[in-house]
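> Sending over a structure as structure tokens; questions will come in a sec.
The values are calculated or read from the model by the stated rules, or taken from the named source; none is laboratory data. Remember, it's a predicted structure, so these values are computed and weren't measured experimentally. Cβ: placed from backbone, ideal geometry, glycine included. Neighbour counts: every protein chain shown. Note: accessible area is taken over every heavy atom of the protein model, side chains too, but ligands, DNA and RNA are not part of it. Shrake-Rupley method; radii C 1.70, N 1.55, O 1.52, S 1.80 Å.
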Amino acid sequence: VCNVDQVLLVFSAVSPDFSFHLLDKFLIILNQEHLTPVIIISKIDLIEQEKLDLIKKDMLYYESMGYEIYYVNSKQKIGIDVLNNIFTDKLTVLAGQTGVGKSTLLNALMPTLELKTQEISKALGRGKHTTRHTELYEYNGGFIVDTPGFSKIEFLIFHADEVKHLYPDFVKLSPECRFTSNCMHLNEPDCAVKHAVQEGEILKSRYENYVQFCEEVKNQKDRY
């Protein structure tokens with residue numbers, strides 16, 4: 001899709017379960033492409049309030065980084081009205097794994113579409129593909145692009161030291177590291193990023209995902 005202004009990253013609170021690992025991976029990819037993400041968490045009606053509160057608590061960290069986050073129940077159109085104005089004068093792409101409710105969200109925004117939706121496969125624990133092609137819809141002074149969901153997503157990074165540059169919160173702290181721009185935030189002493197994790201200033205899961213991504217890139221390089 002060309003000339004994209006923003007990407008609506010759609011995650012479900014449950015069925016499939018919300019994943020901070022997938023969120024961080026998506027944010028890396030969008031950072032690579034210099035695209036602005038808006039985070040939508042759907043199916044809030046299907047999760048226990050206590051579990052939803054835990055997700056919201058950790059998502060406060062992402063809000064502090066400047067990301068817009070919305071919580072919606074698309075079937076009952078709860079939280080949908082506040083989304084209307086974010087589409088004006090923009091080309092918006094919907095993205096997310098299969099089964100998170102992208103088609104249901106579009107139906108809530110534009111009921112006349114009557115897009116087909118499917119339930120989560122209980123046997124596989126993931127969604128079935130509903131959208132099989134990319135389509136452009138005009139909506140509220142802008143355009144929305146619906147895209148097929150995915151079961152697996154990978155980023156194109158060939159050197160582990162590239163990952164740290166795609167974590168804006170890490171980049172901000174890097175000058176305070178002993179080895180400044182050369183710090184990988186892994187095993188180095190006097191690392192400001194690791195110190196911030198220990199102090200609770202950086203979300204622990206976000207740092208753990210960073211470590212996994214660095215290892216993933218390293219292993220990918222070894223394979224090729």
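> Has segment 146-158 got any residue that is of a type in the set (Asp, Glu) and at pLDDT 90 or above?
Within segment 146-158 (the criterion being of a type in the set (Asp, Glu) and at pLDDT 90 or above), the answer is no, since none of the residues qualifies.
> Further question: Please enumerate the residues belonging to segment 1-59 that are touching a Gly at 6+ places or on another chain (Cβ under 7 Å) and either in a strand (DSSP E or B) or without any contact (Cβ under 8 Å) to a residue 12 or more places away in the chain (or both).
Across segment 1-59, the qualifying residues are LEU9, VAL10, PHE11, SER12, SER42.
> Could you grab me the full set of residues in segment 205-217 that are touching a helix residue (DSSP H, G or I) at 6+ places or on another chain (Cβ under 6 Å) and without any contact (Cβ under 8 Å) to a residue 60 or more places away in the chain?
Correct list: TYR207, CYS214.
One line per residue, one yes/no per condition, for (1) among the acidic types (Asp, Glu); (2) surrounded by 14 or more Cβ atoms within 10 Å (Cβ to Cβ); (3) farther than 30 Å from HIS165 by Cα:
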residue	(1), (2), (3)
THR36	no, yes, no
LYS51	no, no, yes
GLY79	no, yes, yes
ILE86	no, yes, no
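> Suppose we filter segment 60-104 for residues that are farther than 25 Å from GLU154 by Cα, of a type in the set (A, V, I, L, M, F, W, C) and in contact (Cβ under 8 Å) with a residue 24 or more places away in the chain; how many remain?
Residues in segment 60-104 being farther than 25 Å from GLU154 by Cα, of a type in the set (A, V, I, L, M, F, W, C) and in contact (Cβ under 8 Å) with a residue 24 or more places away in the chain: 6 in total.
> If you scan segment 172-224, which residues turn out to be farther than 21 Å from HIS159 by Cβ, in a loop (DSSP other than H, G, I, E, B) and open to solvent by 30 Å² or more (accessible area, probe 1.4 Å)?
Within segment 172-224, ARG178, PRO189, ASP190, GLU199, GLY200, GLU201 meet the criteria.
> How many residues are touching a residue at least 24 places away in the same chain (Cβ under 8 Å), within 19 Å of PRO37 (Cα to Cα) and surrounded by fewer than 16 Cβ atoms within 10 Å (Cβ to Cβ) when one looks only at segment 149-171?
The qualifying residues number 4.
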